[in-house]
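*Asks:* For reference, the structure I am asking about is given below.
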Amino acid sequence: MFNTPVTAMKLKIAALLLVTICFCHIGYGQVTSDTLFATQLKPVGRFSFQGQQLELVSSAVHFGFSFKGTGCSVYASITDANGHNYLQYELDGVYQKRIRINGNSTDPVIITAPGAGTHKIWIYKATEAHTGPIMISKIVASKVRPLSIPKGPLIEFIGNSITCGAAADASEVACGTGVYHDQHNAYMAYGPRVARVLHANFMLSSVSGIGIYRTWNLDGPSMPQVYENLDFHLENPRPWDFKLFTPKVVSIALGTNDLSTGDGKTPRKPFDPDTFIDSYVKFVKLVKSKYPQARIVLLSSPMVSGWAHDTLEKCLTSVKQKIDVAYPADRAVKTFFFKQMNGRGCGGHPSVEDHAIMAEALIPTFKELLQ
């Protein structure tokens, strides 16, 4: 009964249809769901590969990829199940927005594009190293491919909360609400702005509250103590591989927190110019040991005024002179002194708009240094 010609023909047709459907389904999946794994990405900034995941550590550490179609899925997570962090991104050369990553979510970040053509995405960590890492596992999209690091010189910006872009952006979370990193916007900080105008690559080595020999309210840790550690922590230090990047210019903007009067709770000695200068000279020598050919520029602070403003400029001038004498064959250290500004960000920090003003003032100096 089951071997009649008609029955056999029906079975052959059914089998052919099943194979066709399966083939089409597999083909569709291959076209629309290519996967780019984190280990294939080419990040700029402080990062680490943890197994198959990319750990984004420092402010504005970034990576790029291209895809075809109207959207892509970025699989990002954080280690604190009860916390949150922020990415931000640029689509086809235009900055878009910040993206909140919640610790209790396993859903991918969906980024949409206006058209079905090929698009380029650059994703940045909006927050600093002490906020905690953001882990990237993969990106799923049609014809997704990693982008190489753009050709051009690299600038490393060393500094404190100002360099981080901390407390700069209250457009989503008002000042005085949320947690400290809710107003971070590293992409819009002065350093990345300067680099983008000059078609340079950049990395930020910055920590809120840090100084050259003390923090804003404690005796340490200072930047010289943590600079060689991947995440700028003293506890459980992981060394940073300085051979990964070779900056042409290193910008150092420290001193605001050394000159701070503290929190009014922790005992604090008066600012010591000699200790500051000695610590700064030793730190510049450390930087030069990592990057012997890099130009060095020392920046003052737009957030100090009066006696502190004048003292910082005098100290930086002294540091420059001592380094120039110690390295007579090297090109001279450069200094740049900001005009004082009343920061419009949270807690008197520069706002996003203030960072634009700072960058505009800095561009001629950095253009000269990059030549």
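*Asks:* Go through (i) 30, 25, 21; (ii) 59, 25, 18; (iii) 49, 21, 18 and flag the label whose value is the computed semi-axes √(5λ) of the Cα gyration tensor in Å for this structure.
*Replies:* Here the calculated entry is (iii).
*Asks:* Follow-up question, since we're still on this one. Heads up, I need the accessible area for residue 274: 1.4 angstrom probe, whole protein in place, Å², nearest 10.
*Replies:* Ignoring ligands and nucleic acids, residue 274 comes out at about 120 Å².
*Asks:* Under the 0.36 nm per residue contour assumption, what length would be gained going from the current alpha-carbon distance of residue 104 and residue 118 to full extension? The partial results should precede the final answer.
*Replies:* On the way: separation 14, 0.36 × 14 = 5.04 nm, distance 3.22 nm.
Working it through step by step, the gained length comes to 1.8 nm.
*Asks:* Which percent, nearest 5, of DSSP beta bridges in the chain are antiparallel? Present the calculation step by step, with values, prior to reporting the outcome.
*Replies:* Values: 45 of 63 bridges.
Taking every DSSP beta bridge with both residues in the chain, the antiparallel ones total about 70 percent.
*Asks:* Calculated from DSSP H runs of 4 or more alone, at -39500 (n - 2.57) each and per residue, what is the 222 nm mean residue ellipticity of the chain, nearest 500?
*Replies:* On the way: 7 runs with 102 residues, N = 371.
Per the formula, -9000 deg cm²/dmol.
*Asks:* Can you check what the net charge comes to around residue 34, using other residues whose Cβ is under 11 Å from the Cβ of residue 34 (Lys, Arg +1; Asp, Glu -1)? Walk me through the numbers before you get to the answer.
*Replies:* On the way: positive: 68, 138, 143, 145; negative: none.
My count for the surroundings of residue 34 gives +4.
*Asks:* Here is a further query. How many Å³ per residue does the convex hull of the Cα positions in segment 21-145 occupy? Display every interim value, and only then the final one.
*Replies:* Numbers: hull volume 13.6 nm³, N = 125.
Roughly 109 Å³ of hull volume per residue.
*Asks:* In addition: Can you give me the C-alpha center-to-center distance between segment 236-284 and segment 333-355, rounded to a whole angstrom?
*Replies:* What the calculation gives is 18 Å, centre to centre.
*Asks:* Report, in degrees rounded to the nearest 10, the 0 to 90 angle that the Cα long axis of helix 5-32 makes with the longest principal axis of the chain.
*Replies:* Tilt of helix 5-32: around 10 degrees.
*Asks:* Next question, about the same structure. Around residue 330, what is the net charge, scoring Lys/Arg as +1 and Asp/Glu as -1 over all other residues with Cβ under 10 Å from its Cβ? Could you put the intermediate results ahead of the total?
*Replies:* Details: positive: 288, 295, 331; negative: 324.
With Lys, Arg at +1 and Asp, Glu at -1, the neighbours total +2.
*Asks:* Express the Stokes-Einstein translational diffusion coefficient of segment 129-202 in µm² s⁻¹, to the nearest whole number, given a Kirkwood radius over alpha-carbon pairs, 20 °C and a viscosity of 1.002 mPa s.
*Replies:* Numbers: Rh = 14.8 Å.
The diffusion coefficient I find is 145 µm²/s.
*Asks:* Roughly speaking, to the nearest percent, how much of segment 41-119's 1.4 Å accessible area is carbon and sulfur? Walk me through the intermediate numbers first.
*Replies:* On the way: 1510 of 3320 Å².
Exposed carbon and sulfur together represent 45 percent of the surface.
*Asks:* Rounded, prolate or oblate: which fits segment 275-351 when a ≥ b ≥ c are the square roots of the eigenvalues of the alpha-carbon gyration tensor, with rounded for a/c under 1.5 and prolate only if a/b beats b/c? Walk me through the intermediate numbers first.
*Replies:* Values: a/c = 2.51, a/b = 1.97, b/c = 1.28.
Note, shape of segment 275-351 comes out prolate.
*Asks:* With a cut-off of at most 10 other beta carbons within 10 Å, and DSSP calling the residue loop, which trypsin sites (Lys or Arg not before Pro) in segment 248-343 qualify? Please list them. Each step should come with its number before you reach the end.
*Replies:* On the way: sites: 248, 265, 268, 282, 285, 288, 290, 295, 314, 320, 322, 331, 334, 339; in loops: 248, 265, 268, 331, 339.
Counting only loop positions with at most 10 other Cβ atoms within 10 Å, the trypsin sites (Lys or Arg not before Pro) in segment 248-343 are 265, 339.
*Asks:* By the scheme Lys and Arg +1, Asp and Glu -1, what is the net charge of all other residues having a beta-carbon under 14 Å from that of residue 237? Mind showing how you got there, number by number?
*Replies:* On the way: positive: 46, 238; negative: 228, 231, 235, 241.
Once positives and negatives cancel, what remains is -2.
*Asks:* Then there is this: How long is the gain from residue 330 to residue 261 if the chain were fully straight, where each residue apart is worth 0.36 nm and the alpha carbon distance is subtracted?
*Replies:* Working: separation 69, 0.36 × 69 = 24.84 nm, distance 3.62 nm.
Taking residue 330 through residue 261 to full extension adds about 21.2 nm, to one decimal.
*Asks:* Here's another thing I want to ask about it. Answer rounded, prolate or oblate for segment 231-371, using the Cα gyration tensor with square roots of eigenvalues a ≥ b ≥ c: rounded when a/c is under 1.5, else prolate when a/b is larger than b/c, else oblate.
*Replies:* Values: a/c = 1.40, a/b = 1.23, b/c = 1.14.
Rounded, since a/c falls under 1.5.
*Asks:* To the nearest 0.05, what FRET efficiency results for residue 243 and residue 314 with a Förster distance of 35 Å applied to their C-beta separation? Before the final figure, lay out each step's value.
*Replies:* On the way: r = 36 Å, r/R0 = 1.02.
Taking R0 as 35 Å, the efficiency between residue 243 and residue 314 is 0.45.
*Asks:* What order do you get for 129-137, 146-154 when each peptide is scored by the mean count of other beta carbon atoms within 10 Å, highest first?
*Replies:* On the way: 129-137: 22.1, 146-154: 13.9.
Highest mean packing first, the order is 129-137, 146-154.
*Asks:* How far is it, in nm, from the label point at residue 92 to the one at residue 33 when both lie 7 Å from their Cα along the line to the Cβ?
*Replies:* In this crude label model, residue 92 to residue 33 measures out at 2.7 nm.
The values are calculated or read from the model by the stated rules, or taken from the named source; none is laboratory data. Remember, it's a predicted structure, so these values are computed and weren't measured experimentally. Here the Cβ is made from the backbone with ideal geometry for all residues, glycine too, and neighbour counts use every protein chain on show. When the accessible area is computed, the model is the full protein with side chains, heavy atoms only, and any ligands, DNA or RNA have been set aside. Shrake-Rupley method; radii C 1.70, N 1.55, O 1.52, S 1.80 Å.
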